[in-house]
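Report on the following structure.
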Amino acid sequence: MRIAYLINQYPAISHSFIRREILALEQLGFEIMRISIRGWDLELADEEDRVERERTRYVLRAGAPTLLLAVVRMLIGRPARMMQALALAWRMSRRSERPLLVHLAYVAEACCIEPWLVAAGVKHLHAHFGTNSSDVAMLVHMLGGPSWSFTAHGTETFDNPRLVGLTEKVLRCAFVVAVSSYGRAQIYRSVKSRYWHKVHLVHCGLDPIFRTVPATVTALPRRIVCVGRLSPEKGHVFLLEAARRLAAQGVDFQLILAGDGELRPEIEAQITQNRLADRIQITGWISGAQVRDEILAARALVLPSFGEGLPVVIMEAMALRRPVIAPFIAGIPELVRPGEDGWLVPAGDVAALVDAMRACLVAPPDDITRMGKAARERVLARHDVNIEAAKLQRLFHSNGADPQKPW
């Protein structure tokens, strides 16, 4: 079966789980066309991502004249379909935080994509994320394209379900995938119960390499790593306040911030202001292999986020036998068991984060090893990429058709 994947920006450092999903589906016999709206000029740390970029077709790369030509061809060839797509774009824009002009751009992108799918013999289109990529997929179908579905992940969709048109998308798609039970419940909230059968749970899968990582004998230094984009919702400023308090209490530690982003200047200024430069290091963007090395060199992973879905980096740390310190939000408690696999703290509670980090830093090595072993067993059982790809395989072949599916 030939299908297409549509992502706003692919490949990307934070989207390695999509790459793993695509490759696992190809192992099952699917032919997959990769389509991205933008991202052809991104700096990529992973060789695997650079290979994926060569296999990806980019909608905006050819520029505005190509989009305009696609619109003209669609107006001439399918005027009725085009009018329906424009009407849908207008309706979606009325509740969106993005103006009508942006939604008209989505129509132009859909006009470009639909002929690609026809020429390639694509039978189904799947979008990742419930934001603009799913808008475009919905419009492609409206223009006469194949059946479509999408995966909804986290805050980008569930913080503003009305603004991203989640209800409209669920009603119009063949099926929708959630990556956690929490996410599934948020989708349930957006539609009447007679549509709940369209919502399916498929976890993000771990790279098979994590199954082969040997148990490491380490002195477990007083080193904690935080992996993620340096952006407001990730809570790094909050984490630095916790680090400041730990330092003031005389606790010995090193904190590694693996990632980069728009908040880096503010974070660097806070580190300097609080005289933490000898304790905190920012790596910038690093490859997946380097992320694994940073996690293995640490005692634990910490995530101070204010909003999440179910972060893949938590799964990776657990697979590497490292406990995690994370907020008690969204899908995280479905995976992390406090006291067994790590520590869960109330989001935004800096005192609780300080207590959890201190407990981790002073815990005997045997306790950290025991928690790491339990974490690995749990994540490998719940996030096997081949098992999750097989779930998608069944959905793609059936077009999500299972109206009797229990909730």
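The values are calculated or read from the model by the stated rules, or taken from the named source; none is laboratory data. The model shown is predicted, which means the values in this text are computed figures rather than measured ones. So basically every Cβ, Gly included, is an ideal-geometry build from the backbone, and we count neighbours across all protein chains shown. Just the protein is used for accessible areas: all its heavy atoms, side chains included, with ligands, DNA and RNA removed. Shrake-Rupley method; radii C 1.70, N 1.55, O 1.52, S 1.80 Å.
The table below lists the values:
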read-out	value
Residue in the range 84-103 that is least open to solvent (accessible area, probe 1.4 Å), counting only those that are under 20 Å from Trp148 (Cα atoms) and free of Cβ contacts under 8 Å to residues at least 40 places away in the same chain	His103
One residue from Asp355, Asp367, Asp349, Asp384 being of a type in the set (Asp, Glu) and either in contact with an Asp or Glu (Cβ under 7 Å, 6 or more places away or on another chain) or open to solvent by 70 Å² or more (accessible area, probe 1.4 Å) (or both)	Asp355
Answer residue from the range 151-178, given it is part of a loop (DSSP other than H, G, I, E, B) and in contact with a strand residue (DSSP E or B) (Cβ under 8 Å, 6 or more places away or on another chain) and is surrounded by the most Cβ atoms within 10 Å (Cβ to Cβ) among those	His153
Unmet requirement for Val362, which otherwise passes all of (1) among the aliphatic types (A, V, I, L, M); (2) closer than 24 Å to Ser231 by Cα; (3) open to solvent by 10 Å² or more (accessible area, probe 1.4 Å); (4) over 18 Å from the mean Cα position of the chain (by Cα)	(2)
Qualifying residues in the range 20-39 (those that are assigned to a loop (DSSP other than H, G, I, E, B) and more than 19 Å from the chain's Cα centre (by Cα)) - the one surrounded by the fewest Cβ atoms within 10 Å (Cβ to Cβ)	Gly29
Among (1) open to solvent by less than 10 Å² (accessible area, probe 1.4 Å); (2) closer than 19 Å to Ala178 by Cβ; (3) in contact with a Pro (Cβ under 8 Å, 6 or more places away or on another chain) - the single one Pro304 does not satisfy	(2)
Residues within the range 202-242 that are among the hydrophobic types (A, V, I, L, M, F, W, C), free of Cβ contacts under 8 Å to residues at least 40 places away in the same chain and surrounded by 14 or more Cβ atoms within 10 Å (Cβ to Cβ), tallied	1
